[in-house]
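As structure tokens, the structure follows; a few thoughts come after it.
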Amino acid sequence: MSFFSTRGESCVTASQAILHGLAPDGGLYVPAMFPSVPMNRISSFCEMDYAARAVSILKRYLEDFNIPEIEEAVRAAYNTERFDTPEIAPVKQIDDATWVLELFHGPTLAFKDMALQLLPHLTRLAAVKNGEKREISILVATSGDTGKAALEGFRDVPGTSCTVFYPQEGVSDVQKLQMVTTGGNNTHVIAVKGNFDDAQTGVKELFSSPEFVKQMEERGKILSSANSINFGRLVPQIVYYFSAYADLVNKHAITPGDPVNFCVPTGNFGDILAGYYARNMGLPVNKLICASNRNNVLTDFFNSGTYSTHRTFFKTLSPSMDILVSSNLERLLYEAADRDGALIKRWMEQLKESGSYSIGEQRRDWMADVFWGDCADNKDTLKEIGKRFLEDHYLMDPHTAVGGHVLRQYRLKTNDATPTVLLSTASPYKFAADVLRGIAGADAAEGKDAFACSEELEKLTGVPMPAQVKALKDLPVRHTAECERDAMGEAVLKAFEL
Ligand SMILES: *Cc1c(COP(=O)(O)O)cnc(C)c1O
């Protein structure tokens, strides 16, 4: 399988796509085609564990990896030492037509672990395949969860280092603590004075700065990305759509071939895009419901066909979705534009220069066939957390609750009764204060720190607090660096000198 850039002609292998992260022309790597998985194969997933399902999906894309390599990587990533349940990504029914796919059972309590536990293994293999002997220096911009997941994934992995930029005023207390207490001797964490888009744009600029690349090369390092633009992040995410489908069959909720909807709390469009890839591979997906918070740039895009960043950026209760430039959307645009790289390049230039682009009515309608977008504000989010706990005895984090609210809206507006899987992207304990407010009222978290809120939440709900949250309290802070938006390059170089 070859991989093309969304903005042009470059053609690389899977391992090269993973190693480079971003294509030289600034585009994202996309597979030359979508390998199809026939229904009888999907049915056979019912008998397999998560790791075996993963091997079956991954091998179709990672053609320059051999099967034993993929098997070893997958077994090293998806096991009960790293995940707190043997199911890895369990599916739970919460009402008549709704199942929650829990993607937060990994070491950092967010869905990013699903990909970032595997990516370091793929990166290391990719380096060997391409004769790369220099250190693979991972640079990451995080809206909160990617950072910690990347740090945990790459921590002490030989031949790699991992540097994370997070927006100083844009992550939750627990998210920040998780990052700044990270151990390992190849990890760096730097606060950027700005928001997530500043951090993400800054990292993208470093990747495309010949001067910075050269400075790193002089130090024996090559840059790579663990952000969701990397195909190595995307491909592990395709797995859990198939896995959830097989689990629904096992639970007799559907029979093989029945359509299913997926409702996905969305920020950078990586999670939901994997669902779209699964659909293109033959998974019977009816609608992909794209749930946004108040930063509803995607809702407007799916409705109007115009993507516009001329809007106020809001900090919300779902910080990992506080994003105005959803990078992975470019991969969907590429399909919508019939794989016309020149057109994508034009749209992306327009976005950079004027803050918007329009795809036209026809392409918008083409997208609307599969995608449905809506949004939830903070009030909707808290209400949804409360309602789900009260009515369905299910405790949701704010990101998942954005999805829960949007799913209700979708059903009200469309009357579609297709069984729907709601992707749950974080443990409620990662955002304990707001979850507590959702179930116990606006004042419930007053004067309490994240730990006190977690303890209160455990007492009120009986949902056990994850060991990782308990442990955070006693870990020393190891990373205190910060930098201005336009000094991220220097900050990286400085971090390596320490
Ligand atoms: C990253 C993240 C999201 C958004 O996922 P995208 O792939 O960026 O759309 C949603 N919820 C949580 C908890 C996350 O960490």
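Got a number for carbon plus sulfur as a percent of the chain's accessible area, 1.4 Å probe?
Carbon and sulfur together cover 48 percent of it.
In the full protein context, the chain carries 38 Å² of accessible surface per residue, based on a 1.4 Å probe and ignoring ligands, DNA and RNA.
Annotation: extensible slack from LYS383 through LYS470 equals 28.6 nm (criterion: 0.36 nm per residue apart, minus Cα-Cα distance).
Each other residue within a Cβ distance under 15 Å of ARG41 adds +1 if Lys or Arg and -1 if Asp or Glu, for a net charge of +2.
Within the chain, helices built from complete DSSP H runs that reach 18 Å or longer along their own axis (Cα positions) and carry a mean Kyte-Doolittle hydropathy of -0.5 or higher are 231-250.
For the chain, the calculated P(r) over all alpha carbon pairs, in 10 Å bins from 0 to the bin holding the longest distance, is 4, 21, 33, 29, 12, 1 percent. In this structure, the amide hydrogen of VAL285, modeled 1.01 Å from its nitrogen in the peptide plane, lies closer than 5 angstrom to those of VAL260, counting only residues at least 5 positions away or on a different chain. From its DSSP helices (H runs of at least four residues, each -39,500 (n - 2.57)), the chain gives a residue-normalised ellipticity at 222 nm of -13500 deg cm²/dmol. Here the calculated FRET efficiency for THR312 and MET1, from their Cβ-Cβ distance with R0 = 51 Å, stands at 0.75, rounded to the nearest 0.05.
Here the calculated FRET efficiency for ASN79 and GLU47, from their Cβ-Cβ distance with R0 = 25 Å, stands at 0.85, rounded to the nearest 0.05. Quick one: if the Förster radius is 25 Å, what FRET efficiency do LEU351 and GLN215 give, using the C-beta to C-beta distance and rounding to 0.05? Calculated transfer efficiency: 0.30.
Could you list the residues of the stretch 160-179 with an amide nitrogen less than 20 Å from a label point located 7 Å from the Cα of ALA452 in the Cα-to-C-beta direction? From the stretch 160-179, the list is 172-178.
Distant-in-sequence amide contacts of ILE94, defined by a placed amide H-H separation under 5 Å and a gap of 5 or more residues or a different chain, comprise TRP99, VAL100.
The values are calculated or read from the model by the stated rules, or taken from the named source; none is laboratory data. All values derive from a computational prediction rather than experimental measurement. Cβ: placed from backbone, ideal geometry, glycine included. Neighbour counts: every protein chain shown. In case anyone asks, the SASA skips ligands and DNA or RNA and just uses the protein heavy atoms, side chains included. Shrake-Rupley method; radii C 1.70, N 1.55, O 1.52, S 1.80 Å.
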